[in-house]
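The values are calculated or read from the model by the stated rules, or taken from the named source; none is laboratory data. Here the structure is a predicted model, which is why all the values come from computation and not from measurement. All Cβ positions, even for glycine, are placed from backbone atoms using ideal geometry, and neighbour counts span all protein chains on display. Only protein heavy atoms, including side chains, enter the accessible area calculation; ligands, DNA and RNA are left aside. Shrake-Rupley method; radii C 1.70, N 1.55, O 1.52, S 1.80 Å.
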Amino acid sequence: MSFTLDNLPYSYDALEPYIDKTTMEIHHSKHHATYVANLNKAIEGSEISEKSIEEILSNISKYSPAIRNNGGGHFNHNLFWKTMKANGGGLPSGELLETIVRDFDSFEKFKELFSNSALTRFGSGWGWLISQNGKLIIASTPNQDNPLMDIAEIKGVPILGLDVWEHAYYLKYQNRRVEYISQFWNVISWNEVSNNFLKTK
Ligand code: MN3
């Protein structure tokens, strides 16, 4: 088993002005590439019975920290890239929007809770919107952990993730994580998040 780094589904400057080209380029071609390379190194020679990265993550407690950190890093970034697009943002629609309103009272309330969860994650980590068999929950994890992992405090299938490591925003926003989070709403691909959601039901 080995993993590869996919190209982004858009150009490095596609998310300007909200996420700058240089950050995207370094983030994908250096940071994500390193997670992939180190994941492949970490699984070289080990017996992996699982068939996918998702399955590995759901049994992560039996694997090394290197597989946990780099496997998480690979999965998390794949999800992150796909749930953003040029001219994104706006509102979700259909069943996803209905479920957000059912579980958080309103889209605005959801936005506030998600933003706050990502903002208050201490140090490096991720903010998440997850589905537990169709029920939506907000969570956050440290480092490259995620809610698929059997060691996660809150488990579920992540359908939207926000990288709040400093490497995701420092060049443009420096220490202003709050500003980066507020601009993230302009690049979300709600179609993709909705597809992710429908698969969990
Ligand atoms: Mn990152």
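Assorted remarks:
- Among the candidates Glu153, Glu166, residue that is acidic (Asp, Glu) and away from the ligand (no atom under 16 Å from the Cβ): Glu153
- The helices (runs of 4 or more DSSP H) falling completely within the range 19-59 that include 3 or more residues that are modelled with pLDDT of 95 or more and within 12 Å of the ligand (Cβ to nearest atom) map to 21-26, 33-43.
- Failed item, numbered, when Ser93 is tested on (1) open to solvent by 40 Å² or more (accessible area, probe 1.4 Å); (2) within 16 Å of the ligand (Cβ to nearest atom); (3) small (Gly, Ala, Ser): (2)
- Of all residues making up the range 169-198, the number that are more than 16 Å from the ligand (Cβ to nearest atom), in contact (Cβ under 8 Å) with a residue 12 or more places away in the chain and not polar (S, T, N, Q): 8
- Residue selected from the range 60-77 under the condition within 16 Å of the ligand (Cβ to nearest atom) and open to solvent by 40 Å² or more (accessible area, probe 1.4 Å), by the criterion nearest to Tyr10 (Cα to Cα): Asn69
- Residues satisfying the stated conditions in the range 42-66, i.e. touching a Ser or Thr at 6+ places or on another chain (Cβ under 9 Å) and free of Cβ contacts under 8 Å to residues at least 60 places away in the same chain: Ala42, Ile43, Glu44, Ser46, Glu50, Glu55, Tyr63, Ser64
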